[in-house]
Ligand code: SF4
């Protein structure tokens, strides 16, 4: 292990207890929290990818009201599933969840496995989600590193490496793995996430005066909080001009669901327009 890593690890070790204590006293009450239900943790974590906590709450309640367990999710007709997800976007997330739910029903008798590696093997479950389910629902001492955690850790250790790099994420995961508390890994992981969500925030100034670990934070000590985390600039977006044909009648818009696995190359747009004009069935993109 490199010297830097040893230094980071011993520094991070210091934050475990104060951060966990702070979390227990200050955590927000959320419908999926403190339920000790791996399915609820899974559903909430998938919904929270790309969506804010406040927006997720009503979706989560409706989803588990209709589909209270893995079996119900596995058997849910596609149209109903899409309806329950409508508004959250990124529909692949829920499609993958259903595929994984079917695997869980077939191979694990409908109960999400209490193993990080087996969770990771399920469709749509990556390192973060596997870590969250394993630690929160099953108290397995593995890290769950999302954007919030990357920001918090890079500030505490004043790490100027690009957090968008996989190698940096892996290094942070390794460091956290080395300090996970055996008894309370779920609370510690949630404490890191909570700190990133409400104190060491991504937009606007961090609330360092309210931070339970400010005395250990190098960025706070050196006045470099606003410089961190370091993220390489995104590639510039390419803008293209395209002609789009939309058929509307009053408030109605003609639209047809694209069949699965149909790839429509751009050069066909002219042929589509032609087909619409001649009253044929077609897709609107
Ligand atoms: S002291 Fe400030 S920058 Fe450091 S972890 Fe706390 S909130 Fe974040």
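The values are calculated or read from the model by the stated rules, or taken from the named source; none is laboratory data. No experiment lies behind these values; they were computed from the predicted model shown. No Cβ is skipped: glycine too gets one built from the backbone with ideal geometry, and neighbour counts run over all protein chains shown.
When the residues of region 155-192 are filtered to those that are more than 19 Å from the chain's Cα centre (by Cα) and within 16 Å of the ligand (Cβ to nearest atom), the one that is farthest from residue 234 (Cα to Cα) is 179. Residue count for region 222-248, restricted to those that are surrounded by 14 or more Cβ atoms within 10 Å (Cβ to Cβ) and assigned to a helix (DSSP H, G or I): 1.
Anything in region 193-204 that is near the ligand (Cβ under 9 Å from one of its atoms) and surrounded by fewer than 23 Cβ atoms within 10 Å (Cβ to Cβ)? List them, or say none. First the steps, then the outcome.
Going residue by residue through region 193-204, those that are near the ligand (Cβ under 9 Å from one of its atoms) are 195-196, 199-201.
Answer for region 193-204, where residues must be near the ligand (Cβ under 9 Å from one of its atoms) and surrounded by fewer than 23 Cβ atoms within 10 Å (Cβ to Cβ): 196, 199, 201.
Say whether the condition of being over 30 Å from residue 160 (Cα atoms), modelled with pLDDT under 85, touching a helix residue (DSSP H, G or I) at 6+ places or on another chain (Cβ under 6 Å) and surrounded by 10 or more Cβ atoms within 10 Å (Cβ to Cβ) is met by at least one residue in region 277-285. Checked against the condition, which is being over 30 Å from residue 160 (Cα atoms), modelled with pLDDT under 85, touching a helix residue (DSSP H, G or I) at 6+ places or on another chain (Cβ under 6 Å) and surrounded by 10 or more Cβ atoms within 10 Å (Cβ to Cβ), region 277-285 yields at least one hit. Take residue 133 and decide whether it is touching a residue at least 24 places away in the same chain (Cβ under 8 Å) and either within 16 Å of the ligand (Cβ to nearest atom) or surrounded by fewer than 18 Cβ atoms within 10 Å (Cβ to Cβ) (or both). Judged against the criteria, residue 133 is not a match. Inside region 97-113, can you point out the residues that are in contact (Cβ under 8 Å) with a residue 40 or more places away in the chain and more than 18 Å from residue 44 (Cβ to Cβ)? Listed by number, the list holds a single entry, 110.
Collect the residues in region 203-221 that are within 23 Å of residue 29 (Cα to Cα), part of a loop (DSSP other than H, G, I, E, B) and at pLDDT 95 or above, keeping them in residue-number order. Scanning region 203-221 gives 206, 207, 211, 212, 213.
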